[in-house]
Amino acid sequence: MINRRQALQFSAALLAYPALRTHAAPDLPVAAELPLIQRAIPSSGELLPVMGMGTSRTFDTAGDPESLATLTEVMQLFFAGKGKVIDSSPMYGNAETRVGDVLRAMKNTPPLFAATKVWTSGEDRGIAQMEESAKRMDIRTFDLIAVHNLKDWKTQLATLKAWKADGRVRYIGITTSHGRDHAELMEVMRNEPLDFVQFSYNIEDREAEQALLPLAQDRGIATMINRPYQRGALFGKSHDQPLPAIAAELDCSSWAQFFLKYILGHPAVTCIIPATAVPRHMADNMRANFGRVPDSAQREEMLRIFKAL
C-alpha cells in the first residue's frame, strides 16, 4: 500500500501524463464507432466485454510514483476501451497491491469485474489469503475467485463453493498455465460446478482446441484465456511483416489485434486477458474489443497466413 507521502508524489506524477487527462488512445475513438464484442457467462447469462486485463509480471512493480502513474495510464486506457475484467493473483508478487493502489487513486472508476485466485494449501491459509487479496485490491466482494494452477484444489474449491453460497464471491473457477495439467483440469471440469476456467490458448498453441474448449462449451463453463501472444513469441514471427488483407475484414489494424481476433473466433472463448504495462500496447489490445469476429473459414485463412510467416 502507498503511504500519504507517496500518494502526494503519485498525484504530482500523474499530471505528467496527458493521456490520463484525455482518457483515450489515438485509435480508440475509431474503435468505439464499431460494435462492442461481448460474450455471456454460461452459468448466469451476464455479458462481459471480451478483452480483459491480466496483471502477471506487468503489475508486479514497486510502489514508486512513476510506475504507479504508468500503471494508471494503462488502466485508464483499458477502461476507455470498454474493458471490465481485471484478473490477478497472490502468485504475481505485488500485482494485487498495485491494482488496489491504482483503483484507489482513480476517480469515477467504471464498472469492474474483479477476479483473483487462491494459491496456497490448507483451508485456513486459503481463507486468509483470499481475505488479504480483497484488502490488497480494494475489493469488497470479488466477482470471481479461482483456484490457481490446481493447488490444493479440493480444499480451496470447497471453501469457494461455501463462499459463493454465502454471497462472498459471485463466480468460482479453476486455472492452469501448464499443458501437463490439462488431464486433471478436465477431470475437475467434468465433476465440479465451475463458472470459469482459465488456461493458455493462442494461434500457435492450439492444444486447447482438442478437448478443453469443447468440454467448457459442453459443460457451460466460461473460459478466460491467458498467454494470447505466447509470452510475446508471436511477434517474433510477425515483426516487420505487412498485415494481410483479411485483417481489414476483421477491423484489425495490428498483428496484436489479428492474434486476439483469431482467439475470439472460437465460440467457446469468453474473454482474453493479455497483460501489459505499456500504454500503447494496452490501447492496441483494446481495439480488439470492437468490430467483427472471424468465422471458421476466416480462422483457417488466418492460421494459414501465420504458418507461412
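Surrounded by fewer than 23 Cβ atoms within 10 Å (Cβ to Cβ), in a helix (DSSP H, G or I), of a type in the set (Lys, Arg) and touching a residue at least 12 places away in the same chain (Cβ under 8 Å): does that describe Lys135?
On the way: surrounded by fewer than 23 Cβ atoms within 10 Å (Cβ to Cβ): yes; in a helix (DSSP H, G or I): yes; of a type in the set (Lys, Arg): yes; touching a residue at least 12 places away in the same chain (Cβ under 8 Å): yes.
Here the answer is yes, as Lys135 does meet what is asked.
Would you please name the residue that is nearest to Thr70 (Cα to Cα), looking only at residues in region 273-297 that are in a helix (DSSP H, G or I) and touching a residue at least 40 places away in the same chain (Cβ under 8 Å)? Don't jump to the end; show me each part of the working.
At the first step, the residues of region 273-297 found to be in a helix (DSSP H, G or I) are 279-287, 296-297.
Applying the additional criterion that residues be touching a residue at least 40 places away in the same chain (Cβ under 8 Å) yields 279-280, 282-287.
Values: Pro279: 7, Arg280: 11, Met282: 11, Ala283: 13, Asp284: 16, Asn285: 16, Met286: 17, Arg287: 20 Å.
My answer is Pro279.
Please find, within region 190-207, the residue that is surrounded by the fewest Cβ atoms within 10 Å (Cβ to Cβ) out of those that are outside any loop (DSSP other than H, G, I, E, B) and touching a strand residue (DSSP E or B) at 6+ places or on another chain (Cβ under 6 Å).
Going through region 190-207, the residues outside any loop (DSSP other than H, G, I, E, B) turn out to be 190-191, 196-200, 207.
Subsequent filtering for residues that are touching a strand residue (DSSP E or B) at 6+ places or on another chain (Cβ under 6 Å) retains 196-198, 200.
Values: Phe196: 25, Val197: 24, Gln198: 27, Ser200: 20.
Result: Ser200.
Restrict the check to region 60-67 and report whether at least one residue is within 19 Å of the chain's Cα centre (by Cα) and among the hydroxyl-bearing types (Ser, Thr, Tyr). Quick ask: steps written out before the conclusion?
First pass over region 60-67, keeping only residues within 19 Å of the chain's Cα centre (by Cα): 60-61.
In the following step, the residues that additionally are among the hydroxyl-bearing types (Ser, Thr, Tyr) were identified as 61.
Yes, the conditions are met somewhere in region 60-67.
Conditions: (1) closer than 20 Å to His182 by Cα; (2) surrounded by 16 or more Cβ atoms within 10 Å (Cβ to Cβ); (3) touching a Leu at 6+ places or on another chain (Cβ under 9 Å). Asn285 meets all but one. Number of the miss?
(1)
Yes or no, residue by residue, for (1) crowded, with 22+ Cβ neighbours inside 10 Å; (2) assigned to a loop (DSSP other than H, G, I, E, B):
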site: Asp218; (1), (2): no, no
site: Pro228; (1), (2): yes, yes
site: Arg231; (1), (2): no, yes
site: Ser253; (1), (2): no, yes
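How many residues are modelled with pLDDT of 95 or more and in contact with a strand residue (DSSP E or B) (Cβ under 7 Å, 6 or more places away or on another chain) when one looks only at region 165-178? Before the answer, list the steps.
Initial filter on region 165-178 (modelled with pLDDT of 95 or more): 165-175.
From the residues that got through so far, the ones that are in contact with a strand residue (DSSP E or B) (Cβ under 7 Å, 6 or more places away or on another chain) too are 169-175.
The total comes to 7.
Every residue in region 51-72 that is over 26 Å from Phe259 (Cβ atoms) and assigned to a loop (DSSP other than H, G, I, E, B), please.
Ala62, Gly63, Asp64
Taking region 148-170, which residues are among the basic types (Lys, Arg) and farther than 12 Å from Pro193 by Cα? If you could, list the steps in order and put the result at the bottom.
First pass over region 148-170, keeping only residues among the basic types (Lys, Arg): 151, 154, 161, 164, 168, 170.
Once the filter is applied, which keeps residues that are among the basic types (Lys, Arg) and farther than 12 Å from Pro193 by Cα, region 148-170 yields Lys151, Lys154, Arg168, Arg170.
What tally of residues in region 58-108 results from selecting those that are charged (D, E, K, R) and within 15 Å of Thr276 (Cβ to Cβ)? Please lay out each step first, then the result.
Going residue by residue through region 58-108, those that are charged (D, E, K, R) are 60, 64, 66, 73, 82, 84, 87, 96, 98, 101, 104, 107.
Of the ones still in play, those that are also within 15 Å of Thr276 (Cβ to Cβ) are 60, 73, 87, 98.
Within region 58-108, residues that are charged (D, E, K, R) and within 15 Å of Thr276 (Cβ to Cβ) number 4.
For residues that are assigned to a loop (DSSP other than H, G, I, E, B) and of a type outside the set (A, V, I, L, M, F, W, C), scanning just region 233-251, find the one that is surrounded by the most Cβ atoms within 10 Å (Cβ to Cβ). Write out each step before concluding.
Our first condition is that a residue be assigned to a loop (DSSP other than H, G, I, E, B); within region 233-251, this holds for 239-245, 250-251.
Still in the list and also of a type outside the set (A, V, I, L, M, F, W, C): 239-242, 244, 251.
Numbers: His239: 9, Asp240: 4, Gln241: 13, Pro242: 8, Pro244: 18, Asp251: 20.
Only one residue fits best here, namely Asp251.
One line per residue, one yes/no per condition, for (1) closer than 20 Å to Ser177 by Cα; (2) out of contact with any Gly (no Cβ under 6 Å at 6 or more places or on another chain):
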residue	(1), (2)
Phe199	yes, yes
Pro214	yes, yes
Ile225	yes, yes
Gln241	no, yes
Ala245	no, yes
Asp251	no, no
Leu264	yes, yes
Ile272	yes, yes
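Can Ala183 be described as farther than 13 Å from Pro90 by Cβ, more than 21 Å from the chain's Cα centre (by Cα) and either touching a residue at least 12 places away in the same chain (Cβ under 8 Å) or surrounded by fewer than 16 Cβ atoms within 10 Å (Cβ to Cβ) (or both)? It would help to see each step written out before you state the result.
Working: farther than 13 Å from Pro90 by Cβ: yes; more than 21 Å from the chain's Cα centre (by Cα): yes; either touching a residue at least 12 places away in the same chain (Cβ under 8 Å) or surrounded by fewer than 16 Cβ atoms within 10 Å (Cβ to Cβ) (or both): yes.
So Ala183 passes the test.
Quick one: Ala162 ticks every box in (1) of a type outside the set (D, E, K, R); (2) at pLDDT 95 or above; (3) buried (at least 19 other Cβ atoms within 10 Å of the Cβ) except a single one, so which number is it?
(3)
Answer yes if at least one residue in region 73-90 is surrounded by fewer than 20 Cβ atoms within 10 Å (Cβ to Cβ), more than 19 Å from Lys261 (Cβ to Cβ) and in contact with a Phe, Trp or Tyr (Cβ under 7 Å, 6 or more places away or on another chain), and no otherwise.
Within region 73-90, one or more residues are surrounded by fewer than 20 Cβ atoms within 10 Å (Cβ to Cβ), more than 19 Å from Lys261 (Cβ to Cβ) and in contact with a Phe, Trp or Tyr (Cβ under 7 Å, 6 or more places away or on another chain).
Inspect all residues belonging to region 177-196 and state whether any of them is touching a Phe, Trp or Tyr at 6+ places or on another chain (Cβ under 8 Å), of a type outside the set (Asp, Glu) and farther than 28 Å from Ala256 by Cα.
So the first thing to find is which residues in region 177-196 are touching a Phe, Trp or Tyr at 6+ places or on another chain (Cβ under 8 Å), and the list is 177, 182, 185, 188, 195-196.
Those left that are additionally of a type outside the set (Asp, Glu): 177, 182, 185, 188, 196.
Checking the rest, the ones that are also farther than 28 Å from Ala256 by Cα come to 185, 188.
Among the residues of region 177-196, at least one is touching a Phe, Trp or Tyr at 6+ places or on another chain (Cβ under 8 Å), of a type outside the set (Asp, Glu) and farther than 28 Å from Ala256 by Cα, which makes the answer yes.
May I ask you to list the residues in region 32-55 that are polar (S, T, N, Q) and at pLDDT below 95? Break it down into steps so the answer makes sense when it comes.
Quick first cut of region 32-55, residues polar (S, T, N, Q) only: 38, 43-44, 55.
Result: no residue meets the conditions.
The values are calculated or read from the model by the stated rules, or taken from the named source; none is laboratory data. Bear in mind the structure is a predicted one, so any value in this text is a computation, not a measurement. Positions of Cβ are backbone-derived with ideal geometry, glycine not excepted, and every protein chain shown enters the neighbour counts.
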